[in-house]
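Worksheet: one structure, shown below.
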Amino acid sequence: MSRSDFFLGIDLGSSSVKTSLFDSISGKSVDSCTYPNSEMEIISKEDGWAEQDPNYWWDCILKTFENLSEKNDFKLVRSIGISYQMHGLVVLDKNNDLLYNSIIWCDSRAVKIGQRAESELENSILENKILNSPGNFTASKLRWLKENRSDVYDQISKIMLPGDYIVYKLTNKISTTPMGLSEGILWDFHSDKLSEDVLEYYNIDRKLIPEIVDSVGNQGTISDDVRDRFGFDNDVKVTYRAGDQPNNAFSLNVLEPGEIAATAGTSAVIYSVTDKNISDTNNRINTFLHCLNSKSKKRNGLLLCINGSGIAYSWVKSILGEKSYKEMDIKSENINSSEGLKFYPFGNGSERLFSNKKIDSHLIGFDFNKHNNQHIIRSVLEGISFSLCYSIELLREFGVNVDTVKVGNANLFLSKVFRESFINSSNVKLQMFDTNGAEGAARGAALGLGFYKSPHEAFKSLNIISEEKPNGKNDYIERYKDWKDFLNKLN
């Protein structure tokens, strides 16, 4: 391959789509585009519901392609990688047309269905085979359609995760991955195959499940329409597909057991790689297949998720009429504390961290004579960071040694107050890297095509931006304890 080989990475979030053009020789993104400029709409027709239109996802991806292809020669693109928002449900009819909006990750409508399944399925299935409660994940969302919208369910030909749908739109090929099925609670970790137990319990026809392909490797050649519209060369393939959290870990070179990644985008997540099948009987920690899992090398991901992170900060920005996140960060730095004001970021659906309870968001301790926008902003940053600290405590209870956490140079980790609060309350070393999910997906595409011979080779060019350690500010620890005391009352 020549020095001008490029790989395209798509990161489909719930707020926007980011696409990056990655030069595998220099090991850097040479261009990127995010669309839309404002955050994507989350459609909430009823309390606890959260939907998005998959056709709009595709339109956003096409907009990023248009922007990048106007400035770059897409004939130099060799393959495409995709990162996507996890746990969503997309359903197609026999003509491969959409039947319903995607029921996305933070939708709570199937909570009771998952709770019923947890009480009725044998413990040996929950703890030894699927390693999770069916909870509010994709399989339960599908069962909700069966019970509540039979007019839709009866027309389903194939079910998909959000990333599967994007692969279909790129290639006209319908498929899914073992990793995707695991995040939908449709994978048997013991037998290393599709879970017959979950299919039987939910009365889901095996025919609804697409062809299963590996996350890393050939997943289909892009269609003639896509190729011709944007000037791709012949035989460009999709060669990588991963949920956003496994991909975030991959992007940060978190590849081996014990390594830990975090993100604080729309949701906040702690993600640890392990080579063991771990089950949390309280379902606070979820185990999914990691994107690099293979028959010869077991790799799972332990995931702890807080639904309300960046979406909470965005909400506060709107409510307070603030102009920019940068200005909000500066305001938070200009005071020493939130003066007793406590924020709980749990207003975005049921929380896995609390066994799928919906405990809502709370802002506690207002003093009208003392508190202003600065205190509210700082309390939100601290409250989200404390929720991540709470997640790290749970990992430590499971014997995971949490010493170093890797993050990208993005989202709430750009905030000095957020980083300082997280580092000191969690007592961890924070390493920040110059990368993002779209670039990680592009590196995955290069790995899937065989340009890189190993995952470690793919990250030789990854640059660390900074490393921060706890600075001994014990007031963060005290504020975290105070924050957690009230959380215990909520929970």
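Of all residues in the stretch 294-340, those being of a type outside the set (D, E, K, R) and touching a strand residue (DSSP E or B) at 6+ places or on another chain (Cβ under 7 Å) number 10.
Could you say whether any residue in the stretch 438-451 is assigned to a helix (DSSP H, G or I), of a type in the set (D, E, K, R), surrounded by fewer than 17 Cβ atoms within 10 Å (Cβ to Cβ) and modelled with pLDDT of 95 or more? No.
Across the stretch 16-30, which residue is nearest to Leu76 (Cα to Cα) among those that are touching a helix residue (DSSP H, G or I) at 6+ places or on another chain (Cβ under 6 Å) and open to solvent by 20 Å² or more (accessible area, probe 1.4 Å)? Of everything passing the filter in the stretch 16-30, Ser29 is nearest to Leu76 (Cα to Cα). Would you list the strands (runs of 3 or more DSSP E) that sit entirely within the stretch 252-360 and hold 3 or more residues that are under 28 Å from Lys481 (Cα atoms) and open to solvent by less than 10 Å² (accessible area, probe 1.4 Å)? Because the criterion is at least 3 residues that are under 28 Å from Lys481 (Cα atoms) and open to solvent by less than 10 Å² (accessible area, probe 1.4 Å), the strands (runs of 3 or more DSSP E) in the stretch 252-360 that meet it are 260-264, 268-274, 300-306. Contact map, the stretch 149-172: first residue open to solvent by 50 Å² or more (accessible area, probe 1.4 Å), second residue in a loop (DSSP other than H, G, I, E, B), Cβ cut-off under 6 Å, separation 6 or more or different chains; pairs are Gln155/Asp93; Gln155/Leu99; Lys158/Ile174; Lys158/Pro210; Asn172/Ser223. Among the residues making up the stretch 92-141, those that are farther than 17 Å from Lys45 by Cα and among the hydrophobic types (A, V, I, L, M, F, W, C) are Leu92, Leu98, Ile113, Ala117, Leu121, Ile125, Leu126, Ile130, Leu131, Phe137, Ala139. For the stretch 44-77, the set of residues classified as closer than 22 Å to Leu98 by Cα and open to solvent by 40 Å² or more (accessible area, probe 1.4 Å) consists of Ser44, Lys45, Glu46, Trp49, Asp53, Asn55, Tyr56, Asp59, Lys63, listed by residue number.
Of everything listed in (1) open to solvent by less than 30 Å² (accessible area, probe 1.4 Å); (2) in contact with a helix residue (DSSP H, G or I) (Cβ under 6 Å, 6 or more places away or on another chain), the single unmet condition for Lys146 is (1).
Restricted to the stretch 473-491, and to residues there that are in contact with a helix residue (DSSP H, G or I) (Cβ under 9 Å, 6 or more places away or on another chain) and more than 16 Å from Cys389 (Cα to Cα), the residue that is modelled with the highest pLDDT is Leu490.
The values are calculated or read from the model by the stated rules, or taken from the named source; none is laboratory data. As the structure is a prediction and not an experimental result, all values here were calculated from the model. All Cβ positions, even for glycine, are placed from backbone atoms using ideal geometry, and neighbour counts span all protein chains on display. With ligands, DNA and RNA removed, areas are computed over all heavy atoms of the protein, side chains included. Shrake-Rupley method; radii C 1.70, N 1.55, O 1.52, S 1.80 Å.
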